[in-house]
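**Student:** One structure is given below, represented as structure tokens, and several questions about it will come after.
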Amino acid sequence: MPLTKEEKKEVLEELSEKIDKQKSIAFVDFTRLKVKDLSDLRKTMKKQDSELKVAKKTLIAIALKNKNISLDMAKLQGEVALGFGYADEVSPFRIIHNFAKTNENLKLLGGLVSGEFYGKDQAIALAQMPSKEELVAKLFFAGKNSIFGIFNILQSNLSILKVKG
């Protein structure tokens, strides 16, 4: 059943609010995905400060155009849903990519990061990047290992001086 003008207006307003809050948007094709799987994906995304929104392509195009984001929706095949990332830029891509590994009917089509469109391959590359927390942890441990290395070198130099002295 088609949406009324009032319903379309509400969807546009909701999309506009989400576009304002987002750090990135992942475009996903959910054609032939079971309702239960779609619901599971929504729950998974919500737990990680992301959100999945299903809308008609024409309404998505209008909402993006109203926010001065140009995107040819004809590039996106199938039934399209938007994965909004609120916490960081990579999370919606990672969640969708990981979910698609076990659900062949879900396909990552691309995405927007800082207003720039990324195609399917670039979106998958983003999905495979470590999270901010992982990068910070690696940096911390790399710095920690360097400090311990310097400490050990100094310690061994002191022990050599003790043996000679």
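**Student:** Which trypsin sites (Lys or Arg not before Pro) in segment 4-69 pass both tests, a DSSP loop state and at most 15 other beta-carbon atoms within 10 Å?
**Tutor:** Filter output for segment 4-69: ARG32, LYS34, LYS56, LYS67.
**Student:** Subtracting the Cα-Cα distance from 0.36 nm times the residue separation, let me have the gained length for TYR86 to SER114 in nm, one decimal. Could the numbers behind the result be given before it?
**Tutor:** Working: separation 28, 0.36 × 28 = 10.08 nm, distance 1.25 nm.
Full extension from TYR86 to SER114 adds 8.8 nm.
**Student:** R0 = 30 Å: FRET efficiency of PHE141 with LYS21, Cβ-based, nearest 0.05?
**Tutor:** The formula returns an efficiency of 0.35 here.
**Student:** Still on this structure, I have one more. Output the relative contact order of segment 5-129, whole-number percent, from Cα pairs under 8 angstrom with separation of 6+ residues.
**Tutor:** 35
**Student:** Can you tell me the FRET efficiency between GLN77 and SER39 if r is taken as the Cβ-Cβ distance and R0 is 25 Å, rounded to the nearest 0.05? Mind dumping the intermediate values first?
**Tutor:** Details: r = 23 Å, r/R0 = 0.92.
That pair, GLN77 with SER39, gives E of 0.60.
**Student:** Here's another thing I want to ask about it. Would you please classify the overall shape of segment 5-129 from the alpha carbon gyration tensor, given that a ≥ b ≥ c denote the square roots of the eigenvalues, rounded means a/c under 1.5, and beyond that prolate means a/b larger than b/c while oblate covers the rest? Before the final figure, lay out each step's value.
**Tutor:** Values: a/c = 1.43, a/b = 1.26, b/c = 1.14.
It is rounded, given that a/c, with a ≥ b ≥ c, falls under 1.5.
**Student:** In segment 69-138, which GluC sites (Glu not before Pro) fall in coil by DSSP and have 11 or fewer other Cβ atoms within 10 Å?
**Tutor:** GLU104
Laboratory data are not the source of any read-out in this text; all were calculated from the coordinates shown. Model, not experiment: these values are computed from the prediction. All Cβ positions, glycine included, derive from the backbone under ideal geometry; neighbour counts span all protein chains shown.
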